[in-house]
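J.: Let me begin by handing over the structure; questions about it come next.
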Amino acid sequence: MNAALNADLHCHSVVSDGTLTPEELATRAKTQGVQLWSLTDHDEIGGQARAAAAAAACGLDYLTGVEISVTFLHQTVHIVGLGFDATHLPLIQGLEQTRGGRSQRAQDMSNDLARVGIQGTFEGALKYAGNPNLISRTHFARFMVETGVCKDTYEVFRKYLTEGKPGFVEHRWAHLKDAVHWIRDAGGMAVIAHPARYKFSANEEFALFTEFKGHGGQGVEVVTGSHSAAEYLSYADTAREFGLAASRGSDFHSPEESRTELGALPALPASLTPVWTLLADRIQHPAL
Ligand code: AMP
Ligand code: MN
Ligand code: MN
Ligand code: MN
């Protein structure tokens, strides 16, 4: 298995903030030419059994996946976990704890938005949440597009849901160390998601990668829907510098909203070690 494999190891279903079911995603991934797939819902592995079964049914190799929300130096960082045992209790409990504050946060966001004249967003967002325990900013964004507050979800994030804007509520997520340990102890690999998205200084980013490695993290997303072509190159350098394996994933959420289709990104640079070469024994192959 090489760098040219069409692996898509990052996407979301209705179990978190995507709009397709795990079964619909498996079929779509297969149609788009994906050869190795992972469903990585936010803070939730409730879709894993369905995703693995659907992958097997359409002849697709599968790795278990999750995207854990972490707070590091006052910013939210996402850590993808791949190839873990989805029945491992400390991982299940850690994720449950991480999801815990989401309802209160959503209420606080709704109250903030009401103060600037936008009413009913908690109930509105809940209507879009396929999983009531996983209300995300994306569900608020969909409701605010539906009600005409903004023209698309990107505009909602820009005007309302990001730091310093009226619907943004500071939240304390998991610790980096815990997230990496939950994944590792369940037999999986921890991967820093879309590093170019964070607004760290060079020193802070160095601290993130150094601490992540120190806790046992092994990978970084290099080719992702969140990166530009220049960022593929700069994080390929980072992967080499820190001795990390490289991952590739679209971060697909929805046919209507996502800019990057499943399986449609360029291949990983050939000089990197793909995460899947280190996870070969964790890949679930369809029965012949
Ligand atoms: P949450 O976990 O509730 O904070 O929501 C995070 C999710 O919001 C991400 O996984 C993305 O799906 C979405 N998101 C975050 N920032 C943006 C943005 N600037 N534009 C569009 N979607 C975003
Ligand atoms: Mn998301
Ligand atoms: Mn993310
Ligand atoms: Mn994601």
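The values are calculated or read from the model by the stated rules, or taken from the named source; none is laboratory data. These numbers were taken from a predicted model, which means no experiment stands behind them. Quick reminder, even Gly has a Cβ in these numbers, built from the backbone with ideal geometry, and neighbours come from all protein chains shown. Protein only, heavy atoms only, side chains kept; ligands, DNA and RNA dropped before computing areas. Shrake-Rupley method; radii C 1.70, N 1.55, O 1.52, S 1.80 Å.
J.: As a quick test, which of the pairs Lys127/Lys165; Lys151/Lys177; Lys165/Lys199 have an alpha carbon distance above 28 angstrom in this structure? Walk me through the numbers before you get to the answer.
T.: On the way: Lys127/Lys165 23 Å; Lys151/Lys177 39 Å; Lys165/Lys199 16 Å.
The answer is Lys151/Lys177.
J.: Per residue, how much accessible area does the chain show when a 1.4 Å probe rolls over the protein heavy atoms, in square angstrom?
T.: On the way: 12050 Å² over 288 residues.
I get 42 Å² per residue for the chain.
J.: R0 = 51 Å: FRET efficiency of Leu278 with Gln119, Cβ-based, nearest 0.05?
T.: Numbers: r = 50 Å, r/R0 = 0.98.
For Leu278 and Gln119, the calculated efficiency is 0.55.
J.: Same structure, new question: Tell me the net charge near Pro269. Cut-off is 11 Å between Cβ atoms, Pro269 excluded, with +1 for each Lys or Arg and -1 for each Asp or Glu.
T.: Values: positive: Arg240, Arg248; negative: Asp237.
That works out to +1.
J.: Based on alpha-carbon centroids, what's the gap between region 163-239 and region 10-63 in Å, whole number please?
T.: The two parts, judged by their Cα centres, are 22 Å apart.
J.: Could you work out how much longer the chain between His74 and Thr31 gets when fully extended? Use 0.36 nm per residue separation minus the Cα distance between them, nm to one decimal. Let's see the in-between values first.
T.: Working: separation 43, 0.36 × 43 = 15.48 nm, distance 4.00 nm.
Fully extending the segment from His74 to Thr31 adds 11.5 nm.
J.: With only Lys, Arg, Asp and Glu charged, each at its Cβ (+1 for the first two, -1 for the last two), find how big the charge dipole of the chain is about the Cα centre; round to the nearest 20 debye.
T.: Numbers: 24 positive and 33 negative charges, 52 e Å.
That gives a dipole near 260 debye.
J.: Here's another thing I want to ask about it. Identify which of Leu39, Leu63, Leu89 has the largest mean-square fluctuation in a Gaussian network model of the chain, with springs joining Cα atoms closer than 10 Å.
T.: Leu89
J.: Considering only Tyr235, Tyr62, Tyr198, give the residue with the highest GNM mean-square fluctuation for the chain, with springs between Cα atoms whenever their separation is below 10 Å.
T.: The residue that fluctuates most here is Tyr198.
J.: Now, a different point. Report the GluC sites (Glu not before Pro) located in region 110-215 that are in a DSSP loop and have at most 13 other Cβ atoms inside 10 Å of their Cβ, or state none.
T.: Numbers: sites: Glu123, Glu146, Glu155, Glu163, Glu170, Glu204, Glu205, Glu211; in loops: Glu163, Glu170.
Sparse-neighbourhood loop GluC sites (Glu not before Pro): Glu163, Glu170.
J.: Quick check: with the 1.4 Å probe, what order do His171, His74, His285, His227 take by accessible area, largest first? The partial results should precede the final answer.
T.: On the way: His171 45, His74 155, His285 120, His227 15 Å².
Solvent-accessible surface, decreasing: His74, His285, His171, His227.
J.: Net charge within 11 Å of His215 by Cβ-Cβ distance, Lys/Arg positive one each and Asp/Glu negative one each, not counting His215 itself? Provide the component values of the computation, followed by the final result.
T.: Numbers: positive: Lys177, Arg184, Lys213; negative: Asp178, Glu211.
In short, +1.
J.: Taking 41 Å as R0, compute the FRET efficiency from the Cβ-Cβ separation of Phe200 and Cys58 and round it to 0.05. Let's see the in-between values first.
T.: Values: r = 39 Å, r/R0 = 0.95.
My answer for the efficiency is 0.55.
J.: Please sort by residue number the trypsin sites (Lys or Arg not before Pro) in region 210-288 whose DSSP state is loop and whose Cβ has at most 12 other Cβ atoms within 10 Å.
T.: Details: sites: Lys213, Arg240, Arg248, Arg259, Arg282; in loops: Arg259.
Those that pass, being in a loop and sparsely packed, are Arg259.
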